[in-house]
Amino acid sequence: SLRSLRDRQNSDAASANSSNGGSIIAVTSRSVVGQSKNNDMISFYAAAIGVMFLLFTASGAAGALLDEAESGTLDRVLASRVTMTSLMLGKLIYNSVLAFSQLVLMFLWGWAVFKLDFWSHIPGFVVMGVCTSLAVAAFGLLLASICKTRAQLGALSTLVILIMSSIGGSMFPRYFMSETMQKAGLLTINAWAIDGFTKVFWRDEPISALRPQVLVLLTIAIVLFAIARRVARRWEYA
């Protein structure tokens, strides 16, 4: 009958809707980026947390400058043929190597434990790792040059690094923030470093695509080191 035919059509439509997730049209979702990754968010977390810890490491290592000034070692070093510029350059290189080594260990841990696709992105990682390490090392030297004691350095660095990390994307992804907060994040080392590592590990972009991040991080390193060298003149003429 007509009524039984209509009931059968309604039953077929209901079963089709239930099989398609409640929709007449079947929908298949897939990631636009990071589809081939074992865990596409591990690269973001490794970069975000890694940069934040690099900032703490660099500021703590730069505090050796304050220890040397307090113990009188810095005066004896400057009394020799070593200039303040060469001394700070040496500390910049050492702190950069320390930061880069820490970054390598963190990404190796991500590869070993969380299956991060690390080895196929070595060139991009090295480029971003070196630039980020130079930037955070110069940042640490600037804080150490401004402060007068270790205690002051510890308090100031903690406050500044936490603020930078919160608006720079280390604690919360910037693409979830408002447009104003995203622009404010561009004033931090975190944002540029995370963007660069995301291009390498998540979007699989070539090294040439890292030019904006590389230029900004190197500029930050040069400017912060120049300011730190200027402030450190107080130890030369003390």
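The values are calculated or read from the model by the stated rules, or taken from the named source; none is laboratory data. In this text the structure is predicted, and so the values were computed from the model without any measurement. Cβ atoms come from the backbone with ideal geometry, glycine included; neighbour counts cover every protein chain shown. Ligands, DNA and RNA are excluded from the accessible area calculation, which covers all protein heavy atoms including side chains. Shrake-Rupley method; radii C 1.70, N 1.55, O 1.52, S 1.80 Å.
Structure summary
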{"quantity": "Among (1) among the small types (G, A, S); (2) open to solvent by less than 10 Å² (accessible area, probe 1.4 Å); (3) free of Cβ contacts under 8 Å to residues at least 40 places away in the same chain; (4) farther than 30 Å from A232 by Cα - the single one G110 does not satisfy", "calculated": "(3)"}
{"quantity": "Unique match (being surrounded by 14 or more Cβ atoms within 10 Å (Cβ to Cβ) and touching a residue at least 60 places away in the same chain (Cβ under 8 Å)) among L141, L98", "calculated": "L141"}
{"quantity": "Qualifying residue in segment 70-80 (condition: modelled with pLDDT of 90 or more and either small (G, A, S) or in contact with a Lys or Arg (Cβ under 6 Å, 6 or more places away or on another chain) (or both))", "calculated": "no"}
{"quantity": "Pair list, Cβ under 7 Å, 6 or more apart: segment 206-220 residue open to solvent by less than 70 Å² (accessible area, probe 1.4 Å), other residue of a type in the set (S, T, N, Q)", "calculated": "L217/T132"}
{"quantity": "Residue count, segment 179-203 (criterion: touching a residue at least 12 places away in the same chain (Cβ under 8 Å) and of a type in the set (D, E))", "calculated": "1"}
{"quantity": "In segment 194-226, the residues that are out of contact with any Lys or Arg (no Cβ under 7 Å at 6 or more places or on another chain), modelled with pLDDT under 95 and either among the aliphatic types (A, V, I, L, M) or on the phi > 0 side of the Ramachandran plot (or both)", "calculated": "I194, V200, D204, I207"}
{"quantity": "Residues satisfying the stated conditions in segment 112-122, i.e. farther than 13 Å from A47 by Cα and within 17 Å of the chain's Cα centre (by Cα)", "calculated": "H121, I122"}
{"quantity": "Residue satisfying all of: in segment 97-136; out of contact with any Phe, Trp or Tyr (no Cβ under 8 Å at 6 or more places or on another chain) and of a type in the set (F, W, Y); nearest to A228 (Cα to Cα) among these", "calculated": "F100"}
{"quantity": "Residue tally, condition open to solvent by less than 50 Å² (accessible area, probe 1.4 Å) and more than 13 Å from the chain's Cα centre (by Cα), over segment 152-200", "calculated": "6"}
{"quantity": "Considering residues of segment 162-184 that are hydroxyl-bearing (S, T, Y) and more than 14 Å from F44 (Cα to Cα) only, the residue modelled with the lowest pLDDT", "calculated": "S178"}
{"quantity": "Filtered residues of segment 38-73 (kept if open to solvent by less than 20 Å² (accessible area, probe 1.4 Å) and more than 30 Å from D117 (Cβ to Cβ))", "calculated": "S59, A62, G63, L65, L66, G72"}
{"quantity": "Leading residue by the ranking (farthest from L210 (Cα to Cα)) among those in segment 120-138 that are open to solvent by 40 Å² or more (accessible area, probe 1.4 Å) and at pLDDT 90 or above", "calculated": "L134"}
